[in-house]
Amino acid sequence: MSKLNLPELSPQAEPEFTDAVTAKAWLENVPLANVAAAQQQLLAQMQEFNRYVTSAASRLATLEALREAVQFVQIEQARRFTNRALPMAEAESLVFDATLALWEQMNLGYRSCLKAVLAGEAGMQAQGGFVCQRALSYTGLKMFHHHRAYRQVPPKVWRELHDGYGKAETLGDADESVKDYLNRDVNDTSSRIAYLRALLLGMANPNELSQRQLTFVAFLLERWAEKVEISVEAPEGEEIAPLVVDLDGDICPERGGPEAAEARYLDVKRLAKSLRNRIGLLRKGESPAELALGEDCVQPSCEQLLVFLFRQWCQVRQPRAAERKKVADVVQASQDMAAIHYYISGRVFKQPGDVKELTQQQRDQILTFGRVSTRDEDDYSVVRGFSLENWHLEHESTQGLKMVRRAAEPGKRFSHGQLVGVKPADAKGFMLGQVRWLVQNDAGDLYAGIRLLHGLPAATAVRPTGLNVVGAQYVPALKAPPSLVLPSAWFKPKRVIEVYVEGHVRVRLTELIDRGSDHERVGYEMVS
């Protein structure tokens, strides 16, 4: 097990509270209604208190007195950097850093108590399981807020998590029952459960999940993490590669990963059975609420998420349907329907059928050059704020791309589910894709996984039809055979719209194939 790196204690440390009683009194004057100010006060005082010389028993009681207030301001502050496009704005990054710093100070406080437990300090011998659970839970909260911000979890945090569980094993307290009343649903927990909650969430491919899905998975793991067993021997009778954790490592566990120096094996059979049962019952028509999946969980998204989790936790990762090639090319990318329409079509969007009389200047240009100057169209992308960004393509397959935009490269912010136009260096034209996952590293580089839409896209225009939309104008749209890619909120079953394809054509919308954050891909049929 590694050494605990803790703040150096100093007789000069002067926190505004020194024990549980004074901490509770101090909290009465903290402006919790102003969560930003409250967070800064808590952070400053925790940094000072973690340097303060006191007994481990008093430190532990003080930390427990502060937990509820810390939890409140942290959850409220997280709203300022979650559900945002990436990369983070400077103000969002500052809040994210402050939030992580306060989780870290709480973690350091409990790790100081753990050091005392390991040293056999008086009054702490019976607190091993309790302190280990608290320390692991705060490491897990640091990781959870990395996931919520779509930031890479640093290897040192993974190492800290594995080391914390290793110390619980050393003390023989990994399964000791502990109460945690800050949990949303289940108060009974342990060091093993706290460890597995962080592990399983990290294994759930969190950079692909929405904020709502992340919160839902965290809620499920309060109850479901206990269904996974940890052992020093590989489970018997397994037909697939075991799921291995390296307690001496700094990575997320995986099947068939690198050889572990300090191996622990995860037995997920009970978890797999629970997931399979619920998926089967959902398919038979039972509601998510009846299966204890929460009142706000709805079909079919609930079933889809459980299937996704089953694949991440309980199956060997399937080989890719399409071979992924490692490449080092540059790819041009653009976002926003109007901009993608412009780059695919190569011309300014104009209302179809509009015939305008040539100006005298245009007549002069025809007489002089034989055509109308395209300078206005060349300037159009600049006027409209359209841009082509340079991304580095790391992997490519027929189904998708993995690409990165370095922090030094200029570019716009991107969101999960967003429509993008992409053109690799060796491609003849633009392709349509959807942002499947996003993650930002500490250097500010933005990584994106793009799922490509099948077929070569074509630029078109659509407008609504009906008595209430007389005089409606066309808007840019994209045609990706055999579907239409429309702006958000256009789809209604059997809705008839007008598409311009070398003339006005009426089509009926038949199905919603896919929905992104800023677009819908729909099926259609011709209307005679």
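Here are a few things to note about the model shown:
- Angle in degrees between helix 90-118 and the longest Cα principal axis of the chain, rounded to the nearest 10: 20 degrees
- Cα gyration tensor shape for region 458-526, rounded if a/c is under 1.5, else prolate or oblate: rounded
- Convex hull per residue volume in Å³, alpha carbons only, for region 146-304: 129 Å³
- Dipole orientation for region 458-526: of the candidates Thr460, Val501, Gln473, Gln473 has the Cα lying most toward the positive pole (charges on Cβ; Lys, Arg +1; Asp, Glu -1).
- Taking the fewest neighbouring Cβ atoms within 10 Å as the starting point, the ordered list for Asp267, Asp514 is Asp514, Asp267.
- Which of Tyr110, Tyr195 has the fewest Cβ neighbours within 10 Å, and the rest in rising order: Tyr110, Tyr195
- Note on the chain: dipole from Cβ charges, positive end direction compared against Gln312, Gln133, Ile251; the farthest Cα belongs to Gln312.
- Each listed q (0.12 Å⁻¹) maps to a log10 I(q)/I(0) for the chain, found by the Debye formula over equal Cα scatterers with no solvent: -1.20.
- Rg of the Cα atoms in region 1-202, relative to 2.2 N^0.38 Å, amounts to 0.99.
- Once backbone amide H atoms are built at 1.01 Å from N, Ile513 has Arg521, Val522, Gly523 as its partners under 5 Å, excluding neighbours fewer than 5 places away on the same chain.
- Unit charges on C-beta of K, R, D, E only; dipole of region 149-258, Debye: 660 debye
- Taken about its Cα centre, region 458-526 carries a charge dipole of about 180 debye when Lys and Arg each add +1 at the Cβ and Asp and Glu each add -1 at the Cβ.
- Each peptide in 130-143, 179-192, 283-296, 212-225 gets a packing score, the mean of other Cβ atoms within 10 Å over its residues, and the list from highest to lowest is 130-143, 212-225, 179-192, 283-296.
- Dipole orientation for region 70-225: of the candidates Leu161, His146, Leu118, His146 has the Cα lying most toward the positive pole (charges on Cβ; Lys, Arg +1; Asp, Glu -1).
- Taking every alpha-carbon pair in region 1-106 and binning the separations at 10 Å intervals from zero gives 14, 43, 29, 12, 1 percent.
- Using Cβ point charges alone (K and R +1, D and E -1), the dipole size of the chain about the Cα centre works out to roughly 1860 debye.
- Degrees between helix 35-49 axis and first principal axis of the chain (Cα, 0 to 90, nearest 10): 40 degrees
Here, each number is a calculation from the coordinates, and none is a lab measurement. Source: prediction; values computed, not measured. Cβ coordinates were reconstructed from backbone atoms using ideal geometry, including for glycine residues, and neighbour counts include every protein chain displayed.
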